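Remarks on the structure that follows.
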Amino acid sequence: MRRFLLLLFLFFLVYRLVKNLLINRRDRRSLVPGDSSQIGSKEMVKDPQCNTYIPKDEAISRRIRGQSYYFCSKECAQRFKERKSAS
């Protein structure tokens, strides 16, 4: 039983070490100038329907009356379009 617990503890330590090394490697890579994968470098856009901010590359884009809008969901896009059509 002692041997099993010791092996389990060693496995846990190795797991944490590898995990930390991978996280540190990703963080160092994100500090490279001009690297488009930087953490927090995503352009944020505001959903005009519900006023939430979302990353532009994850947003649903719609062109309404010649203007581009970005939405967090299809439902918000539909409600906004209906509201614009009514006005």
Quick count over the stretch 59-87, residues being within 14 Å of Met44 (Cα to Cα), free of Cβ contacts under 8 Å to residues at least 24 places away in the same chain and hydrophobic (A, V, I, L, M, F, W, C), is 2
Going by the conditions given, is Cys50 outside any helix (DSSP H, G or I) and at pLDDT 85 or above? yes
Residues of the stretch 69-81 being in contact with a strand residue (DSSP E or B) (Cβ under 6 Å, 6 or more places away or on another chain) and small (Gly, Ala, Ser), in sequence order, are Ala77
Regarding the stretch 69-76, can at least one residue be identified that is loosely packed, with under 10 Cβ neighbours inside 10 Å and modelled with pLDDT of 90 or more? no
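The values are calculated or read from the model by the stated rules, or taken from the named source; none is laboratory data. Just so you know, these numbers come straight off a predicted model, no measurement behind them. Every residue, glycine as well, gets a Cβ built from its backbone with ideal geometry; the counts of neighbours run over all protein chains shown.
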